[in-house]
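Enquirer: Just passing along the structure, written as structure tokens.
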Amino acid sequence: MTPIWRNRRFFPVVGQLIAVFIVATLVGILWHNLTYNLQRLGIQLGFDFLQSQASFNIGETPISYQPSDPYSRALLVGLVNSLRVTVFGIILATIVGIIVGVARLSDNWLVRQLALVYVETLRNTPLLLQLFFWYFAVFLSLPKTENQISLLGFININNRGVTLPFGIQFSPELSTLILGLTLYSGAFIAEIVRAGILSVPKGQWEAARAIGLKPGLVLRLVIFPQALRLIIPPLTSQYLNIAKNSSLAIAIGYPDIYLVASTTFNQTGRAVEVMLLIMVTYLTISLTVSLVMNLLNRSVQLKER
């Protein structure tokens with residue numbers, strides 16, 4: 001019988017167990033030091049403050065909220081606001097990225113150059129600076145309600161934000177975040193899409209044209225499905241960046257989870273607990289996005305027989 005240590009999987013498994021032990025030990029030491037220092041300062045660690053009255057207003061409340069509600073309700077409002085930005089940002093950035101990525105490969109010189117200028121300009125400018133531009137130079141400078149701008153006959157834009165049909169209202173802060181994250185992340189996604197399309201062998205283009213498919217159908221039915229295998233992994237990173245970059249909402253006063261949590265910390269003084277809540281929130285969002293994208297990536301990979 002072959003000794004277990006000669007098994008090729010023995011040392012990798014042992015290495016992983018040692019790594020887990022080291023990480024767990026470090027976490028235990030840090031937690032012990034934290035609780036010891038808090039006890040020495042007379043600070044008790046706990047989340048009972050979440051049931052106390054918040055006593056502050058929130059500018060945007062997609063769900064019902066009153067200042068008399070507990071901090072837990074206020075944080076839930078902030079979480080919903082963060083999710084709104086993240087979901088809209090991911091959807092719109094994907095659409096913009098695909099359009100611009102295809103435009104980067106256009107046979108039309110003007111379209112190709114315009115797409116290039118957009119990508120290089122947005123990718124090489126700090127996102128925070130872009131948010132300030134859209135907020136202060138654009139949305140706050142728009143005309144008042146009586147002189148509002150109408151797009152397509154049903155989208156109304158004024159200095160109070162964007163109004164869509166059926167009474168859907170986006171504040172200037174929310175509109176700024178969605179627009180800023182969409183255009184910024186769309187520039188990165190465009191390059192991912194372009195690289196994915198270029199990775200498909202030219203023979204696939206030629207074969208599709210040989211059977212009489214039009215260029216649009218070639219791209220949609222033949223090229224893009226194959227390009228997805230290389231597009232999805234880096235696309236996941238961009239989606240995660242959108243979720244994390246949404247925390248820049250605090251710079252323009254949008255009440256996302258980070259801003260609401262900061263207000264909670266200032267009123268309660270529970271720095272450790274609030275920071276833990278923020279970390280767990282963003283970690284959960286990121287892991288959820290990663291899980292969904294990994295499942296999607298698995299579905300488009302070639303199945304080995």
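Enquirer: Exactly one condition in (1) out of contact with any helix residue (DSSP H, G or I) (no Cβ under 8 Å at 6 or more places or on another chain); (2) among the charged types (D, E, K, R); (3) open to solvent by less than 60 Å² (accessible area, probe 1.4 Å); (4) more than 30 Å from SER171 (Cα to Cα) is not met by ASP69; state its number.
Expert: Failed condition: (4).
Enquirer: Residue under question is LEU41, and the condition is that it be open to solvent by 60 Å² or more (accessible area, probe 1.4 Å), at negative phi and out of contact with any helix residue (DSSP H, G or I) (no Cβ under 9 Å at 6 or more places or on another chain); does it hold?
Expert: Yes: the conditions hold for LEU41.
Enquirer: Working only within the stretch 264-276, note down all residues that are buried (at least 21 other Cβ atoms within 10 Å of the Cβ) and in a helix (DSSP H, G or I). Spell out the reasoning first.
Expert: Here is the first cut: in the stretch 264-276, the residues buried (at least 21 other Cβ atoms within 10 Å of the Cβ) are 264, 270, 274.
Once the filter is applied, which keeps residues that are buried (at least 21 other Cβ atoms within 10 Å of the Cβ) and in a helix (DSSP H, G or I), the stretch 264-276 yields THR264, VAL274.
Enquirer: Does at least one position in the stretch 210-217 carry a residue that is small (Gly, Ala, Ser), touching a residue at least 60 places away in the same chain (Cβ under 8 Å) and either in a helix (DSSP H, G or I) or within 30 Å of LEU79 (Cα to Cα) (or both)?
Expert: Within the stretch 210-217 (the criterion being small (Gly, Ala, Ser), touching a residue at least 60 places away in the same chain (Cβ under 8 Å) and either in a helix (DSSP H, G or I) or within 30 Å of LEU79 (Cα to Cα) (or both)), the answer is no, since none of the residues qualifies.
Enquirer: Does LEU92 count as open to solvent by 60 Å² or more (accessible area, probe 1.4 Å) and closer than 30 Å to THR236 by Cα?
Expert: Here the answer is yes, as LEU92 does meet what is asked.
Enquirer: Let me ask you something else. Against the definition (buried (at least 18 other Cβ atoms within 10 Å of the Cβ) and within 21 Å of LEU174 (Cα to Cα)), how does ILE231 come out, yes or no?
Expert: Details: buried (at least 18 other Cβ atoms within 10 Å of the Cβ): yes; within 21 Å of LEU174 (Cα to Cα): no.
Considered against the rule, which asks whether it is buried (at least 18 other Cβ atoms within 10 Å of the Cβ) and within 21 Å of LEU174 (Cα to Cα), ILE231 comes out as no.
Enquirer: Which ones in the stretch 188-209 are part of a helix (DSSP H, G or I), in contact (Cβ under 8 Å) with a residue 24 or more places away in the chain and either more than 17 Å from ARG112 (Cβ to Cβ) or not charged (D, E, K, R) (or both)?
Expert: PHE188, ILE189, ALA190, ILE192, VAL193, ALA195, GLY196, ILE197, LEU198
The values are calculated or read from the model by the stated rules, or taken from the named source; none is laboratory data. Quantities reported herein were computed from a predicted structural model and do not represent experimental measurements. Methodologically, a virtual Cβ is constructed for each residue, glycine included, from the backbone with ideal geometry; neighbour enumeration extends over all protein chains shown. Just so you know, the surface numbers come from the protein's heavy atoms only, side chains and all, with ligands and any DNA or RNA stripped out. Shrake-Rupley method; radii C 1.70, N 1.55, O 1.52, S 1.80 Å.
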